[in-house]
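Beneath this line is the structure, given in structure tokens, with notes to follow.
Just so it is clear, none of the values below were taken in a lab; they were calculated from the coordinates. Note that the structure is predicted; figures quoted are calculated from it, not measured. Every residue, glycine among them, receives a Cβ derived from its backbone with ideal geometry; neighbour counts consider all protein chains shown.
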Amino acid sequence: MSQVVQTHATANAPTGETSRRSYSFNKLEKRIRRAAGKAIDDFGMITDGDRVMVCLSGGKDSYTLLTTLRYLQKVAPIQFDIIAVNLDQKQPGFPEHILPAYLQQEGVDFRIIEEDTYAIVKEKIPAGKTTCSLCSRLRRGILYRTAKELGATKIALGHHRDDIIETLMLNMFYGGALKSMPPKLVSDNGEHVVIRPLAYVREKDIAKYAAQMEYPIIPCNLCGSQENLQRKVIKDLLKTWDRQYPGRIESMFKAITNVVPSHLADTSLFAFKDLVADGQANALGDTAFDQAPVGDPSVFLDDEERQEQAAQPIQITALS
């Protein structure tokens, strides 16, 4: 499919431009596949014989997840099955024909689950209030039930690196907890393993990839609910930082994977009461407060990304 899309997207472009676009797309696709493969390996997300239920919403993230897992399924040294599942929540205007047509065309095994959660949400949530929280809980319960019915051993979600960082900051600023969205977890009912194979993938890479793949995107605002304003503030802040300070977002994600409990303040993770000076050198001592040299943040970018950043205006969004 990638080759077809490239040909379609560049049919009217000059030969040299077509070649550059094709090269750029190939690099992008390889970067996404490599990042997903590394995340799957690092966290042991998929094992031999797994039946992976891919939750397909119709957004750019879940389409990219499905495409990437299907590729990895072909080249991985293990065998695993994929089944795509979409939950039709009966939102007004939901184009219910799009996903079945796409999945049939691609030859993907799939199930469409119809549950009128929209009516429940509208009944329970006052007009004008954010409906996402209740909608998410209802959707999660239905997906867990479906996974059990289908015999799925893993439930794959399309959350990416930026989602994980945003969730960390939301919990810090508004929830008073240092926690985020783990790449792999056991469901709240204890019966399922949920995985996020795109945990290492950047959202801007997914956006570029989805545009070039020409996925039939279904908007997520069909229910007319208000956007999560707190998450939007965090998202805008991170985008600003990414443009103004290249490499900062990469450093933030690295911090999530490089936790030092002795330099936080959670007594359940580190025995501060038992800490005494024993005369032995400690590599994790107060040297942690020394100023580290600041490297060149541009090392995180390739030439094309540097050019894009130089052309983007910088907008500052304040936290409230």
Between Arg70 and Lys204, the two model label points (7 Å from Cα along the beta-carbon direction) sit apart by a distance in nm of 2.8
By the mean-Cβ-within-10 Å protection proxy, highest first, 261-269, 69-77 rank as 69-77, 261-269
Full extension between Glu106 and Asn171 adds, at 0.36 nm per residue less the Cα distance, a length in nm of 19.5 nm
Listing Ile142, Ile218, Ile40 by rising number of other beta-carbon atoms within 10 angstrom, fewest first, gives Ile142, Ile218, Ile40
Most exposed to least, judged by fewest other Cβ atoms within 10 Å, Asp205, Asp162 sort to Asp205, Asp162
Quick calc: nm separation of the 7 Å Cα→Cβ label points for Asp278 and Ala119 -> 6.6
Violations at 21 Å Cα threshold for listed pairs Lys38/Lys154; Lys38/Lys74; Lys90/Lys179 -> Lys90/Lys179
Burial-style ranking of 148-158, 58-68, average other-beta-carbon count within 10 Å with highest first, yields 58-68, 148-158
For Arg34 and Thr257, extending 7 Å from Cα along the Cα-Cβ vector and measuring point to point gives, in nm, a value of 1.3
Once Leu150 and Arg231 are pulled to full extension, the length gained, defined as 0.36 nm per residue separation minus their Cα-Cα distance, is 25.9 nm
Sparse-neighbourhood loop hits (GluC sites (Glu not before Pro), segment 20-128; DSSP loop; Cβ within 10 Å at most 15 others) -> Glu96
For Lys204, counting only lysines whose alpha-carbon sits under 17 Å away and dropping same-chain residues fewer than eight positions off, the answer is Lys27, Lys30, Lys60, Lys232, Lys235, Lys239
Shape call for segment 22-98, from the Cα gyration tensor axes a ≥ b ≥ c (a/c under 1.5 means rounded, otherwise prolate when a/b beats b/c, else oblate), comes out oblate
